[in-house]
Amino acid sequence: MNISVAIDGPAGAGKSTIASIVADRFNLMYINTGSMYRAVTLMCMRNNISHIMVADVCNLTNSLDMHFDGDSLIVNGEDISEEIRLPDVSNNVSNYAAIPQVREILVTIQQAMANKYDVIMDGRDIGTVVLKNAPFKFYLTASAEERAKRRFDELNTKGIAVEYNNILNDIIKRDYVDSNREINPLRKAKDAIEIDSSKLSINEVVEIISNHIKKYIKKTTEGEI
Ligand code: DC
C-alpha cells in the first residue's frame, strides 16, 4: 500500500510543523515543497540570476541535486534549511515560484518522490496538481494576522529581528501572488478537507489528520479499499 498525504494552504498556516509530526507518527517521508522553491530562489540569488532570466533560472534548477534528510533540505551536498528561511529569500520566492518551467521541473521531482516512497507533502498545488489522486487531501488555513504572529514568534525565537507589520504585509502580498498566478495557483482541491487552525492547537490539527489516516489504513487492511 502506497500512502500519499497532501497538505495545501497559505503561508504560515502551520503546514510544515504539522506535516513533520504526522510524518514521524506514520513513518512517512516529509516533503516540504515550499523549501524546494526557496532553494531555487536562494541558489539564483547567490548567482545573481534574476527571476526574469528564465533560461538561466531553468538551467540552474536542472543542475540542483535536492533531497530531504528528515526535515532538512540538502542541495548539492549542502544543508540549506536555515538559509532558505531568511527574509531575503521569503521576499523573492513568489517570483521564482511563478515561473511555469520551474514549476514543471519541481513537480516532476515531487511526483517521482511520491512514486518511490510513502509521503506527506505540503505546498500550494499538491492536492490540485502534484498528487491529484492522493487518498488524503487537507487544506489548512488560518487568518493572516494569526499566521503573521506565528512567523514573527518563530523568527524572534531564532534571534532574527523583524517587524510584525512587515511580516503581515509580506504574508498578504504572498497570499495574493500565490492565489493569482496563472499557473497552479493556491486553491483548495474539491475533495480536500478544510481545517481552519486559527483557534486550534498543533496537537488538535495533528489528531484530526491522524484520525483520517488511521481510518484509511484500517479500511485498506480490512480490504474495503
Ligand atoms: O510554504 P513556503 O512559504 O515555504 O513557500 C515558499 C513559496 O513557494 C511561496 O511563495 C509559495 C511557493 N510554493 C508554491 O508555489 N508551490 C508549492 N507547492 C509550494 C510553495
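The values are calculated or read from the model by the stated rules, or taken from the named source; none is laboratory data. Predicted model only: the values in this text are computed from it and were never measured. Because the Cβ atoms are built from the backbone with ideal geometry, glycine has one as well, and the counts that use them run over all protein chains shown. For accessibility, only protein heavy atoms count, side chains too; no ligands or nucleic acids. Shrake-Rupley method; radii C 1.70, N 1.55, O 1.52, S 1.80 Å.
List, in the order given, every pair from Lys158/Lys188; Lys173/Lys214; Lys149/Lys199; Lys137/Lys218; Lys149/Lys190; Lys116/Lys214 whose Cα-Cα distance in the structure shown is over 25 Å. Pairs exceeding the cut-off: Lys158/Lys188; Lys173/Lys214; Lys149/Lys190.
The mean of 1/r over all distinct Cα pairs in segment 109-225, once inverted, gives the Kirkwood hydrodynamic radius of 16.5 Å.
Taking amide H atoms as placed 1.01 Å from N in the peptide plane, the amide H of Leu73 lies under 5 Å from those of Ile80, Ser81, each 5 or more residues away in sequence or on another chain. Comparing Gly34, Gly70, Gly159 in a Gaussian network model of the chain, where Cα atoms under 10 Å apart are tied by springs, the biggest mean-square fluctuation is seen for Gly159.
When the accessible area of segment 1-59 is computed with all protein chains present and a 1.4 Å probe, what percentage of it is carbon and sulfur? Carbon and sulfur together cover 50 percent of it.
Entry comment: accessible area of the chain is 49 Å² per residue, from protein heavy atoms only and a probe of 1.4 Å. What a 1.4 Å probe finds exposed on segment 133-225 is 51% carbon and sulfur by accessible area, rounded to a whole percent.
Reducing segment 142-168 and segment 60-111 to their Cα centroids gives an inter-centroid distance of 22 Å.
The accessible area of His212, taken with all protein chains in place and a 1.4 Å probe, comes to roughly 60 Å². If you count the DSSP beta bridges with both ends in the chain, what percent of them are antiparallel, to the nearest 5? Restricted to the chain, the bridges split so that about 25 percent are antiparallel. Charge dipole of segment 1-68 (Cα centre as origin; +1 on each Lys and Arg Cβ, -1 on each Asp and Glu Cβ, all else neutral): 140 debye, rounded to the nearest 20.
Across the chain, the mean sequence separation of Cα contacts (distance under 8 Å, 6 or more residues apart), normalised by length, yields a relative contact order of 32 percent. Note on the chain: Cα-only Rg and Dmax are 17.1, 55 Å. Using Cα-Cα distances under 8 Å and only pairs 6 or more residues apart, what relative contact order does segment 41-171 have, in percent? It comes to 15 percent, rounded to a whole number. Give the shape of segment 1-76 as rounded, prolate or oblate, defined through the alpha-carbon gyration tensor: a ≥ b ≥ c are the square roots of its eigenvalues, a/c under 1.5 means rounded, and otherwise the shape is prolate if a/b is larger than b/c and oblate if not. It is prolate, given that a/c is not under 1.5 and a/b is the larger ratio. Estimated from helices alone, the mean residue ellipticity of the chain at 222 nm is -16500 deg cm²/dmol (sum of -39500 (n - 2.57) over DSSP H runs with n ≥ 4, per residue).
In a DSSP loop and with at most 11 other Cβ atoms within 10 Å, the GluC sites (Glu not before Pro) in segment 71-127 are Glu82.
Taking a ≥ b ≥ c as the square roots of the eigenvalues of the Cα gyration tensor, segment 47-96 is classed as oblate, since a/c reaches at least 1.5 and a/b does not exceed b/c. Couplings 3J(HN,Hα) of segment 76-84, computed from phi: 6, x, 10, 7, 10, 4, 6, 4, 6 Hz, in residue order, whole Hz [Karplus 6.51 cos²θ - 1.76 cosθ + 1.60, θ = phi - 60°; x for Gly and Pro]. Overall shape: prolate for segment 33-129, with the ratio a/c of the largest to smallest alpha carbon gyration tensor axis at 1.5 or above and a/b above b/c.
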